[in-house]
Amino acid sequence: MKRIFLIVTSLFLLSSCQTLSLYSFQGLNAPKILIPADVKTIGFVDRNTCFKIDTVSQYYLINSNLLTDTTDYSADISTNCYLGFTENLSEYLAMDSIPFIQLDKKEISGDRDYTPMKWELVDSICESNGSDILICLEDVQLYNKYTVFEDVLNYGITDANYFAVWRIYDPLNQTYLDEQIVIDSLFSEVTSSSYNRLIEEKLPKRKDLFKDVSYEIGNQYADMLAPKWIDITRKYFASGDDRLAISKYYIDQGDWETPISLWTEISNEKDDKLAGRASYNLAVAYEIKEDYVQANRWIRKSIFHYKTLKSLPSEFKLVKAYTLELLERTKNKEKLDLFFGE
């Protein structure tokens, strides 16, 4: 997997007291679910289980009226989960193809149970389609209700509730990379001047509704497997010394080396508050350069300088808050290293 380096943009704003400036950039956020870097192929499996205790999906409400729909939407639901999953994978998990494997339908008469597939079966599936791991949709259930309001302009709300059970099988290590139940809901709203037209045409048909919702279920799970760019904003000190103030100019020109040199000088000053500000700025600079060893070193120095003061200034709250943010970004970097195989 190819490492994509930091994309940076900047925005500078001075606070009313001109103590702080802001720097905004984009950072890569590690995926919530880590797929080993050596995984090259993925298979998508629909476990295709059917629990006889499930009857709620056969009923739906229009206001207080209970209606029945015995249509079996399971094939459409699993297919669209697969489409939502495969179409949303980012370039970081680009695969030539992700096969869709639907197991023979299995009806379960007892209580709901999600016993994992046996490893012999997992090995067999992987061998048949060349997959390193299997993303398995163990179960998915959808149900919905419509709420209609009559007024000058009639409008209707569609609530679709669902839960999906996912498990990722890693046959090489015989372990589960993820196991979770996702419970959520989606809603949409439509309007019409005609009440009958609202009911007959505007409200989404259950077949279309279930297709859209199941696509989103797969789409959301794919989101958990790939890193995402996020917007990050950091404050840095731009007052208290001419060298702090002028640093903003260099940063505005895309030059971080000159401010780093200036801040390093200030960090050796006998004025602990000033040295604390400079050390804090250096921590921010090295975070942006993705050198988290240096960033953590400088934030510790900043804390040391501030704690040397007879009383802690209010700005120390900023330093403490950033320390926690830096810790999270450091952990995030470690996850990204695992993802990219570094």
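The values are calculated or read from the model by the stated rules, or taken from the named source; none is laboratory data. Predicted model, so just to flag it, every value in this text is computed and none were measured. We place every Cβ from the backbone using ideal geometry, glycine too, and count neighbours over all the protein chains shown. Accessible surface areas use protein heavy atoms only, side chains included; no ligands, DNA or RNA. Shrake-Rupley method; radii C 1.70, N 1.55, O 1.52, S 1.80 Å.
Residues to consider are S192, S247, S261, S185; find the one that is free of Cβ contacts under 8 Å to residues at least 40 places away in the same chain and under 23 Å from the mean Cα position of the chain (by Cα).
Numbers: S192 fails: under 23 Å from the mean Cα position of the chain (by Cα); S247 fails: under 23 Å from the mean Cα position of the chain (by Cα); S261 fails: under 23 Å from the mean Cα position of the chain (by Cα).
Matching residue, one of S192, S247, S261, S185: S185.
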Among the residues in the stretch 295-314, are any open to solvent by 30 Å² or more (accessible area, probe 1.4 Å) and under 22 Å from D231 (Cα atoms)? yes
So L326 ticks every box in (1) open to solvent by less than 30 Å² (accessible area, probe 1.4 Å); (2) touching a strand residue (DSSP E or B) at 6+ places or on another chain (Cβ under 8 Å) but one. Which box is left unticked? (2)
I'm trying to understand the selection: among the residues of the stretch 155-169, which are open to solvent by 10 Å² or more (accessible area, probe 1.4 Å) and either farther than 19 Å from I77 by Cα or basic (K, R) (or both)? Y155, I157, R167
Out of the strands (runs of 3 or more DSSP E) lying entirely within the stretch 48-109, which hold 2 or more residues that are modelled with pLDDT of 90 or more, under 19 Å from L142 (Cα atoms) and open to solvent by 30 Å² or more (accessible area, probe 1.4 Å)? 59-62, 65-68
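Go through the stretch 28-47 and give me each residue that's open to solvent by less than 30 Å² (accessible area, probe 1.4 Å) and either part of a strand (DSSP E or B) or touching a Pro at 6+ places or on another chain (Cβ under 9 Å) (or both).
Just the residues of the stretch 28-47 that are open to solvent by less than 30 Å² (accessible area, probe 1.4 Å), to begin with: 28, 30-31, 33, 35, 37, 39, 42-46.
Answer for the stretch 28-47, where residues must be open to solvent by less than 30 Å² (accessible area, probe 1.4 Å) and either part of a strand (DSSP E or B) or touching a Pro at 6+ places or on another chain (Cβ under 9 Å) (or both): L28, A30, P31, I42, G43, F44, V45, D46.
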Consider D151 carefully, then state whether it is modelled with pLDDT under 95, in contact with a Ser or Thr (Cβ under 9 Å, 6 or more places away or on another chain) and of a type in the set (D, E, K, R). no
When the stretch 112-151 is examined, which residues are found to be hydrophobic (A, V, I, L, M, F, W, C), open to solvent by 30 Å² or more (accessible area, probe 1.4 Å) and touching a residue at least 24 places away in the same chain (Cβ under 8 Å)? W119
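Quick one: in the stretch 221-244, which of the residues that are aliphatic (A, V, I, L, M) and under 35 Å from the mean Cα position of the chain (by Cα) is nearest to F85 (Cα to Cα)? I'd like the intermediate steps shown before the answer.
Of the residues in the stretch 221-244, the ones aliphatic (A, V, I, L, M) are 222, 224-226, 230, 232, 238, 244.
Retained after the next criterion (residues that are under 35 Å from the mean Cα position of the chain (by Cα)): 222, 224-226, 230, 232, 238.
Values: A222: 5, M224: 10, L225: 10, A226: 11, I230: 21, I232: 27, A238: 46 Å.
Looking at residues that are aliphatic (A, V, I, L, M) and under 35 Å from the mean Cα position of the chain (by Cα), I get A222.
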Checking P204, P227 in turn, the sole residue that is surrounded by 14 or more Cβ atoms within 10 Å (Cβ to Cβ) and closer than 30 Å to N29 by Cβ turns out to be P227
With respect to the numbered conditions (1) closer than 29 Å to Q174 by Cβ; (2) of a type outside the set (D, E, K, R); (3) in contact with a strand residue (DSSP E or B) (Cβ under 9 Å, 6 or more places away or on another chain), which one is the sole condition not fulfilled by V56? (1)
Which condition number in (1) surrounded by fewer than 17 Cβ atoms within 10 Å (Cβ to Cβ); (2) over 30 Å from P313 (Cβ atoms); (3) at pLDDT below 90 is the one that L11 fails? (2)
Matching residues in the stretch 103-161 (over 25 Å from E216 (Cβ atoms), touching a helix residue (DSSP H, G or I) at 6+ places or on another chain (Cβ under 9 Å) and of a type in the set (A, V, I, L, M)) number 1
